[in-house]
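Below: the structure, in structure tokens.
The values are calculated or read from the model by the stated rules, or taken from the named source; none is laboratory data. Since the structure is predicted, the reported quantities are computational estimates derived from the model, not experimental observations. Cβ: placed from backbone, ideal geometry, glycine included. Neighbour counts: every protein chain shown.
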Amino acid sequence: MSSAPLALRSHPHPHHPCRRSRSRGEAFVTSVGTDAAEEFLVRAGRFFTAGKVSQDLRTVTKIGGREGDAFYRDRWSHDKVVRSTHGVNCTGSCSWKVYVKDGIITWESQQTDYPTVGADSPEYEPRGCPRGAAFSWYTYSPTRVRYPYVRGVLLEAYRSARQVHDDPVDAWAAVVGDPETRSRYQRARGKGGLVRATWPEVNELIAAAHVHTIKEHGPDRVFGFSPIPAMSMASHAAGARFISLLGGSMLSFYDWYADLPVASPQVFGDQTDVPESADWWNASYLIMWGANVPVTRTPDAHFMAEARYRGQKVVTVSPDYADNTKFADEWMSPHPGTDGALAMAMGHVILTEFFVNRQVPRFVEYVKQYTDLPFLVSLKEKDGAWVPDKFITAADLGDDTEGAAFKTVLVDAATGRPHVPNGSLGFRFNDSGKGKWNLDLEGIDPALSFYGATDTGTAEVLLPRFDVGQGSGEGGGVHRRGVPTATLQTRSGTRTVTTVFDLLLAQYGVAREGLPGQWPTGYDDPEPYTPAWQEEITGVPAAMAERIGREFAQNSEDSGGRSMIILGAGTNHWFHSDTIYRSFLALITLTGTQGVNGGGWAHYVGQEKCRPVTGWAQLAFGLDWV
């Protein structure tokens, strides 16, 4: 039998460039005795079998020997495949194929049947991440809580009461009615001490607590809480329906764990109506602000990475070198919690260069129609100066129709007369608002400012300052800055008014010639809210804050609004996060990006919404009983 290149040989060719020299102990490989040894081993057939050697001596082909594959075939065998999502309160809600054998999840893989989004954008799939691909391991983890647990001191008290009372409700009443017992189990909260109980016992305890609460205080004192409905619509609906039909209330899952950007309902009137993550692809300038996209939005992160190949500029704002920073063209690293100062400085640059030094027509027209910047605000005297008071409304002008007190007023630049535009809250919930719940200006040209207009004056307005305390000396805690004013005849007499835009410029410290007050002398003056001022607070170089703010606005002007900010928990999970977020939202509204594909803000975007929400809500909240 001729020698074949089996496992004993390192290389098939004697002159192979990688062939190494051999020691005397290895010389048997090329000795005459090698052929005999190989023949013996091959004939034995236990560990070595002959194969067909290719002509170039580089491969050996064998038939059979696949018995060991049975292990792997068994590992991946399954009885059925079911569709599910990775249900851990993730906005991705990725579609997974879950393989089941004998009622046990054996493995999972990604579904690939998402509808296409068209040839001009990357596809959504494959969706999923390592956390979803390993979720079956979590399902059967020995550390998973599989049984009900109750605070030990509470369970002991309830069991003792049950020995005295036959009725579970009476037993629970005895527990909560005894001040010492009640105090003892309440003080134990947050300190551990949970003990395992049985499902029947826990169900009885919970039911007794519900009945007692309803008897003593009424059903409206029962509250329910659940994570995001899209995590499991059936599970959420079951609990919500139970609470609703009892007469209780479901608490908002969104704001309880600080996911809700409170600034959204404050500014837009709704809870986070943001674009799909595929819209990241359409942006030409993208800021990831407190949003570590590759980690927190893993299945959607590819849209951001792919958009860079079409020229999108990416900026990350993060105190640490987070995972998304490696994708960025620029990294801004403010101290934790100081993002609002950075955004205010960027807004200072945008207002100075795109609204005062020159006026970008698109930006001006945008804020006139889609923001409250043209609306009139009354001023009232205080301490020898003026302070902003309330919006002027149609009711102030003598209108007694329904909702007049909630219909804001602006001045028509063409006529100089006050006008009540469409779209304010007073048109939303009454018959007088039919056909008016929209932002159609109907030929009106709102006056954005009184600056330079005839028959106007000026007033020094006191504005709050948050970077110094009230006891910081003269002027501490407030700015004294001038705004252009006009007078308006109202039902209560003559009122001094200005516009929201004029107050905004004063708050941002954007000076205009001839206006009184204390103003920064330039970007390098460390007065609120200049780039130099924010550097002392955030640590971000003033020149960088100035440049990024300018680039964001310039890109929006050049691209028709395709500048976007992706926001996340990194900035939302802070005290006063509403003010931080509002400083971000000011950037996107001033630059006319909101409502534009590839523009605006994107907070926690994903597939977190319940698609059949109308029918689901009917079931979940017991509306079929109303």
Has region 536-545 got at least one residue that is touching a residue at least 40 places away in the same chain (Cβ under 8 Å), closer than 17 Å to VAL349 by Cβ and touching a strand residue (DSSP E or B) at 6+ places or on another chain (Cβ under 7 Å)?
yes
If you go through region 436-451 one residue at a time, do you hit one that is surrounded by 12 or more Cβ atoms within 10 Å (Cβ to Cβ), out of contact with any strand residue (DSSP E or B) (no Cβ under 9 Å at 6 or more places or on another chain), part of a loop (DSSP other than H, G, I, E, B) and of a type in the set (Lys, Arg)?
yes
Being within 22 Å of GLN359 (Cβ to Cβ) and touching a helix residue (DSSP H, G or I) at 6+ places or on another chain (Cβ under 8 Å) narrows GLY549, GLY568, GLY622 down to just GLY549
The one condition ASP372 fails out of (1) charged (D, E, K, R); (2) in a strand (DSSP E or B); (3) within 29 Å of the chain's Cα centre (by Cα) is (2)
In this structure, is VAL211 in contact with a strand residue (DSSP E or B) (Cβ under 8 Å, 6 or more places away or on another chain), of a type in the set (A, V, I, L, M, F, W, C) and at pLDDT 95 or above?
no
Of the residues GLU108, GLU156, which single one is under 18 Å from VAL82 (Cα atoms), out of contact with any Asp or Glu (no Cβ under 9 Å at 6 or more places or on another chain) and not in a loop (DSSP other than H, G, I, E, B)?
GLU108
Would you mind finding the one in ALA543, ALA553 that is more than 16 Å from THR316 (Cα to Cα) and surrounded by 23 or more Cβ atoms within 10 Å (Cβ to Cβ)?
ALA553
For region 222-250, how many residues meet the condition of being in contact (Cβ under 8 Å) with a residue 24 or more places away in the chain, part of a helix (DSSP H, G or I) and of a type outside the set (D, E, K, R)?
10
Quick test of your reading of the structure: ALA291 fulfils all but one of (1) of a type in the set (Gly, Ala, Ser); (2) under 22 Å from VAL596 (Cβ atoms); (3) in a helix (DSSP H, G or I). Name the failing condition by number.
(3)
State yes or no: is ASP524 loosely packed, with under 15 Cβ neighbours inside 10 Å and without any contact (Cβ under 8 Å) to a residue 60 or more places away in the chain?
yes
Residues to consider are PRO374, PRO421; find the one that is farther than 30 Å from ILE548 by Cα, crowded, with 18+ Cβ neighbours inside 10 Å and at pLDDT 95 or above.
PRO421
Just the residues that are aliphatic (A, V, I, L, M), assigned to a helix (DSSP H, G or I) and under 30 Å from THR106 (Cα atoms), please, taken from region 120-153.
ALA133
From the list ARG144, ARG162, exactly one residue is surrounded by fewer than 18 Cβ atoms within 10 Å (Cβ to Cβ) and of a type outside the set (A, V, I, L, M, F, W, C). Which is it?
ARG144
Need the failing condition index for GLN518 against (1) surrounded by fewer than 23 Cβ atoms within 10 Å (Cβ to Cβ); (2) closer than 21 Å to ARG358 by Cα, just the number.
(2)
Of all residues in region 165-182 being part of a helix (DSSP H, G or I) and of a type in the set (Asp, Glu), which is surrounded by the most Cβ atoms within 10 Å (Cβ to Cβ)?
ASP170
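Conditions (1) surrounded by 17 or more Cβ atoms within 10 Å (Cβ to Cβ); (2) of a type outside the set (A, V, I, L, M); (3) without any contact (Cβ under 8 Å) to a residue 60 or more places away in the chain, marked per residue:
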{"site": "LEU194", "(1), (2), (3)": "no, no, yes"}
{"site": "HIS217", "(1), (2), (3)": "no, yes, yes"}
{"site": "ASP220", "(1), (2), (3)": "no, yes, yes"}
{"site": "SER252", "(1), (2), (3)": "no, yes, yes"}
{"site": "VAL267", "(1), (2), (3)": "yes, no, no"}
{"site": "SER284", "(1), (2), (3)": "yes, yes, no"}
{"site": "ILE287", "(1), (2), (3)": "yes, no, no"}
Restricting to region 61-84, give me the number of residues that are in a strand (DSSP E or B) and without any contact (Cβ under 8 Å) to a residue 12 or more places away in the chain.
1
Which ones in region 312-354 are free of Cβ contacts under 8 Å to residues at least 24 places away in the same chain and not in a loop (DSSP other than H, G, I, E, B)?
THR325, LYS326, TRP331
ALA134 fails exactly one of (1) of a type in the set (A, V, I, L, M, F, W, C); (2) within 30 Å of TRP76 (Cβ to Cβ); (3) surrounded by 14 or more Cβ atoms within 10 Å (Cβ to Cβ), namely (3)
Can you find, within region 90-120, the residue that is nearest to the chain's Cα centre (by Cα) among those that are among the polar types (S, T, N, Q) and buried (at least 16 other Cβ atoms within 10 Å of the Cβ)?
THR91
Could you look through region 300-344, keep only residues that are in contact with a helix residue (DSSP H, G or I) (Cβ under 8 Å, 6 or more places away or on another chain) and among the hydroxyl-bearing types (Ser, Thr, Tyr), and pick out the one that is surrounded by the fewest Cβ atoms within 10 Å (Cβ to Cβ)?
THR338
Filter region 380-434 down to the residues that are without any contact (Cβ under 8 Å) to a residue 12 or more places away in the chain, farther than 23 Å from LYS368 by Cβ and outside any strand (DSSP E or B) and list them by number.
GLY384, ASP400, LYS434
What number of residues within region 128-158 satisfy the criterion of being within 30 Å of ARG187 (Cβ to Cβ), in contact (Cβ under 8 Å) with a residue 40 or more places away in the chain and basic (Lys, Arg)?
1
